[in-house]
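J.: Mind looking over this structure? Questions follow.
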Amino acid sequence: MSLSAKHLLGIRDLSREDISVFLQTAEQFKEVLQRPVKKVPSLRDITIVNLFFENSTRTRISFELAEKRLSADTINFTASSSSVSKGETLLDTVNNILSMKVDMVVMRHSASGAPHFLAKHIPAAIINAGDGINEHPTQALLDAFSIREKTGKLEKVKVAIIGDIMHSRVALSNIYLLKKMGADVTVCGPPTLIPKYISEALGIQVNYNLKETLEWCDVANVLRIQLERQNQVLFSSLREYNLTYGISRRLLDELHKEIIIMHPGPINRGVELDSDVADSKQSIILQQVENGVAVRMAVLYLLSNRNAISN
């Protein structure tokens, strides 16, 4: 199995076949992770730098664990404790790291397009771990993997993405992927948190009524309110948001069917999800976390151009 791209910069750049290759390879690595010995030598002698210019917990740990499971050599870089704080440019920082013979770069940055800029200037394979409000491709891949694992398919599955669509790179990558794989997508949230162009530009439905959206969907992927990215007040209070768009146990019990609940994390409990929903049997949030390691193992392995998964 091979890819049409050298980098993973975004889902928009991938073909349907590329996505299928990532998901199929992730299935094989999920099996590896069920073994008593979970480490394989697939990326021995490959050096990977985790270049995080923005705070992260789940994504960073997931990548680090995936790299260790593949036996790669890993370098962790944090901007706040580096020469970036002294004024060093992004390109100089990466070139200095590459001079140490790094093969791959996993990058998170607050500026949209930063990984694309790097891909034009350095020879290493670049994996986008989230850039601004643009994309978060590995999150979309693990979400799709989790949906397919639970439902058996992606085509014709009805997926609702609920919450702060305006500022979410997870939402955009999920929409691109789900549409390419034949799923039906609706976004739901306050009008101030949904871009006006999104329905026409991306070919999806928009619904501002939460209960109608939940009655329609098979899967609800719930996003947090990203207050850190909002430079103006877009709703009156978190309590008002919870009353209108928060998902409670009572609301789910009123539906005429049982739906799957997802969340990319971190969860704002009591805002977008009540605890008895996040921790319920309908929730696959912890499975998403588990699947994230297998999916990122697949991404690292495929972009390394190694020939076979080692036993």
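J.: Can you tell me how much longer the chain between GLN28 and SER275 gets when fully stretched, taken as 0.36 nm per residue apart minus their C-alpha distance, in nm with one decimal?
T.: Values: separation 247, 0.36 × 247 = 88.92 nm, distance 3.27 nm.
Here the answer is 85.6 nm.
J.: Go ahead and set up a Gaussian network model of the chain, Cα springs under 10 Å, then flag whichever of PHE52, PHE117, PHE63 fluctuates most.
T.: PHE117
J.: Please give the net charge around ILE97, taking every other residue with its beta carbon less than 12 angstrom from that of ILE97, where Lys and Arg add +1 and Asp and Glu add -1. Working shown, then result.
T.: Values: positive: LYS101; negative: GLU88, ASP92, ASP103.
So the environment of ILE97 carries a net charge of -2.
J.: What residues from region 146-176 fall in the zone where the backbone N is under 20 Å from a label point 7 Å along the Cα-to-C-beta line of LYS196?
T.: 164-168
J.: Quick one: if you stick a label point 7 Å off each Cα along the C-beta vector at ASN55 and SER15, how many nm between them?
T.: 4.1
J.: For the chain, modelled as a Gaussian network with Cα springs under 10 Å, which listed residue fluctuates most, HIS136, HIS263, HIS116?
T.: Of the options given, HIS116 has the highest mean-square fluctuation.
J.: Between VAL289 and SER4, what FRET efficiency comes out of the Förster formula 1/(1 + (r/R0)^6) with R0 = 25 Å and r the beta carbon distance, rounded to 0.05? Numbers along the way, then the final one.
T.: On the way: r = 29 Å, r/R0 = 1.15.
After rounding, the FRET efficiency stands at 0.30.
J.: Between VAL206, HIS116, LEU3, whose Cα lies farthest towards the positive end of the dipole of the chain when Lys and Arg beta carbons carry +1 and Asp and Glu beta carbons carry -1, centred on the Cα centre?
T.: Most positive-ward Cα: LEU3.
J.: Further question on the same structure: Charges only on Cβ, +1 for Lys and Arg, -1 for Asp and Glu: so what's the dipole of region 137-289 about the Cα centre, in debye to the nearest 20? Mind showing how you got there, number by number?
T.: Working: 18 positive and 18 negative charges, 62 e Å.
Once rounded to the nearest 20, the dipole reads 300 debye.
J.: Here's a follow-up. As a footprinting exposure proxy, order ARG148, ARG16, ARG169 by other Cβ within 10 Å, with the fewest listed first. Don't jump to the answer; show the numbers that get you there.
T.: Values: ARG148 19, ARG16 11, ARG169 23.
If I rank by nearby Cβ atoms, fewest first, I get ARG16, ARG148, ARG169.
J.: Still on this structure, please answer the following. Can you compute the FRET efficiency between ARG35 and ILE75 using 1/(1 + (r/R0)^6), with r the Cβ-Cβ distance and R0 = 22 Å? Round to the nearest 0.05. Mind showing how you got there, number by number?
T.: Working: r = 27 Å, r/R0 = 1.23.
My answer for the efficiency is 0.25.
J.: Please state the charge dipole magnitude for region 1-141, taken about the Cα centre, from unit charges on C-beta atoms (+1 on K and R, -1 on D and E), reported in debye and rounded to the nearest 20.
T.: Details: 16 positive and 15 negative charges, 73 e Å.
In debye, rounded to 20, region 1-141 gives about 360.
J.: Place a +1 charge on the Cβ of each Lys and Arg in the chain and a -1 charge on the Cβ of each Asp and Glu, then give the dipole magnitude about the Cα centre in debye, rounded to the nearest 20.
T.: Numbers: 36 positive and 34 negative charges, 107 e Å.
So the dipole magnitude of the chain works out to roughly 520 debye.
J.: Return the distance in nm (one decimal) between the two label points of a simple spin-label model at SER110 and ASN305, each offset 7 Å from Cα along Cα→Cβ.
T.: If labels sit at SER110 and ASN305, their model points lie 3.6 nm apart.
J.: Aspartates and glutamates near LYS120 by alpha-carbon distance under 13 Å, same-chain residues fewer than 8 away left out - which ones?
T.: Result set, ordered by chain and number: empty.
J.: Return the long-range amide H neighbours of ILE75 (sequence gap of 5 or more, or a different chain), with a cut-off of under 5 Å between placed amide H atoms.
T.: Amide H to amide H, under 5 Å and 5 or more residues apart or across chains, ILE75 pairs with ILE48, VAL49, ASN50.
J.: With the chain treated as a Gaussian network of Cα nodes joined by springs under 10 Å, which of ALA144, ALA183, ALA129 yields the largest mean-square fluctuation?
T.: Checking each option, the largest mean-square fluctuation is seen for ALA183.
J.: Quick one: Debye curve from the C-alpha atoms of region 53-142, no solvent, what's log10 I(q)/I(0) at q = 0.15 Å⁻¹?
T.: -0.57
J.: Now a separate question. Report the net charge of residues surrounding VAL157, where surrounding means a beta-carbon distance below 11 angstrom and charges are Lys +1, Arg +1, Asp -1, Glu -1.
T.: On the way: positive: ARG148, LYS150, LYS153, LYS156, LYS158; negative: GLU155, ASP184, ASP218.
Residues near VAL157 contribute +2 overall.
J.: Which pairs, out of LYS158/LYS180; LYS153/LYS281; LYS153/LYS180; LYS30/LYS156, put more than 22 Å between their alpha-carbon atoms?
T.: LYS30/LYS156
Coordinate-derived values only; no laboratory data. Computed from a prediction, not measured in an experiment: that's the story for all the values here. Positions of Cβ are generated from backbone atoms using ideal geometry, with glycine treated the same way; all protein chains shown enter the neighbour counts.
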